[in-house]
1. Tell me, how many Å apart are the Cα centres for the range B:1-79 and for the range B:83-142?
2. Quick one: Cα convex hull volume of the range B:95-145, Å³ per residue?
3. Assign unit charges at the C-beta atoms only (+1 for Lys and Arg, -1 for Asp and Glu), then state the dipole size of the protein assembly as shown relative to its Cα centre in Debye, rounded to the nearest 20.
4. Pull up the cross-link candidates among the lysines for B:Lys9, meaning alpha carbon to alpha carbon under 16 Å and not fewer than 8 places away within one chain.
5. Please list, in order, the residues from the range A:80-112 whose amide nitrogen is less than 17 Å from a point placed 7 Å along the Cα→Cβ vector of A:Arg213.
6. Is the C-alpha gyration tensor of the range B:2-144 telling us rounded, prolate or oblate? Criteria: a/c under 1.5 is rounded; beyond that, a/b larger than b/c is prolate, otherwise oblate.
7. Using the Cα centre as the reference, give the magnitude of the dipole from point charges on the C-beta atoms of the range A:110-178 (Lys, Arg: +1; Asp, Glu: -1; all else neutral), rounded to the nearest 20 debye.
8. By the gyration tensor of its Cα atoms, with a ≥ b ≥ c the square roots of the eigenvalues, what is the shape of the range A:243-293: rounded for a/c under 1.5, prolate for a/b over b/c, or oblate?
Amino acid sequence: MAKILCSVATRGRYFTTLPLVLNAIINQTRLPDKLIIFDDNDDPQDMRKEMLYTYFFQILDIKGIQWEWLFADKKGQHHIHQRANSMGFEWVWRVDDDAIPEPSVLERLFSYTALNIGAIGGSILTPPIPRISASTGRITDIDIENNIQWGEIRAQKEVEHLHCSFLYRAGVHDYNLGLSRVAHREETLFTYGLFRKGYKLLVVPNANTWHFRNHEGGIRSETKEELYHHDEQIFRNVLKFKDKTVVVLNGGLGDHIVFSKILPEIKNPELFTCYPEVVPGKSIAEAQHLFGDIDQWNVYKKMDLWKWKDSLENAYRKLYL
Amino acid sequence: MIIISPYTKKLISGKQNPKNYPFWRELIALIDEPIIQIGIEGEEQLVPDFRKNLPLAELILLLKECRTWVSCDSFFQHLAWSEGKPGIVLWSVSDPLIFGHPENINLLKSRNNLAKNQFLWWEFVPHDAETFVFPTIVLEKLACG
């Protein structure tokens, strides 16, 4: 049976929506194997002293759900999600701290998992519910339509990006850690990255999460406009290169030589390299400026993550083909 | 003529890179044919003909001219592989199954010496002469080649 981690990133909502979220998770018809609450509060508290939480923790134990309360490092929720993404679970169900899933959401989302599925989301509803029936869920339509998850989803549909809370295949795509701490567009970039890797993203009916949009607290409680602008720029650059295979070779001369053997196999490459005499390309500094985090193309980090035993050449194949 | 590429990239710490073969002088003393050393400014000169900072195009020309080559695990083994010229690679802590090429003669004393994590910086791996094969073994392979 696949292992599911439920990850909740929280900030400033100890006594507002977070207890509702935890209660909803505890009462799922399909329970996660583990729940981790990533506490990103400026002034984190020991919630074991709070009666409400004491009961939550006891119920988790009674229901056999492993749980941890981890203190996050205040770098933004993308860092939190990346921690969850790399903890060795097969699936991660990320639930926002103001998004209250109905009891069957995890069961419904999980029922759609398959080898070719990267992520599954349901409706994320805030009353009054808008009519979203015409939305395509395509990344190219993101500026001209409401998010498909904001309305009632009546039938399963393939999309290119997901929003807010969803179940995703862990460990196959990294969050963009080059985003600022507001992590604007983080889930769009992440799920679109899964889509680009060839996984299907689904929105499915009868998996409603109620989004209690709360202006107080929240993992994105940051108002500096330049941070949003910075992240938006990264998002726009990713879209700009969406029909290309972006290659960032921030390695040694030998790495470039090995990579050059697989270059002919890469479709429509856009190259950023350190040794343009071996692999012609734009500079690494330009890649950093355009995409924020270039670690997603770090083949050594990937080989470490994959516990790689095969050749460097084949690691490049896995990364880029 | 044989090319030797004795050194890999210097570590930031200034310590010796654990991939650098420690017995070059002993090996060179055993070889009875012309040797060209390639490398960069600042590396120790081991033979009279030391060609520093050659551009890739010139290295490729040299590869075409040489009988064979001997190198530590550096970019040079990849360049030679890319040019279709097999040679000998002297391994210690890095894994030839990952970073090597089967077309070469990959001399690794023991897989027990391989660094546990092959994908981090080599800064934290100590240099240990015991992890390398002896020059006589290299010479045997050179004779075969």
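Quick note: the coordinates plus some simple rules give every number you see, no bench work behind them. If you're wondering where the values come from, they're calculated on a predicted model, not measured in any experiment. Don't worry about glycine lacking a Cβ; one is built from the backbone with ideal geometry, like all the others, and counts go over all protein chains shown.
1. Cα centroid to Cα centroid, the span is 15 Å.
2. Working: hull volume 4.5 nm³, N = 51.
Spread over its residues, the Cα hull of the range B:95-145 gives 89 Å³ apiece.
3. Details: 53 positive and 59 negative charges, 189 e Å.
Dipole magnitude for the protein assembly as shown comes out near 900 debye.
4. Excluding near neighbours in sequence, the set is B:Lys19, B:Lys52.
5. In the range A:80-112, the label zone of A:Arg213 (backbone N under 17 Å from the point 7 Å along Cα→Cβ) covers A:96-100.
6. Values: a/c = 1.40, a/b = 1.30, b/c = 1.08.
In terms of gyration-tensor shape, rounded.
7. So the dipole magnitude of the range A:110-178 works out to roughly 220 debye.
8. Details: a/c = 2.10, a/b = 1.18, b/c = 1.78.
Oblate.
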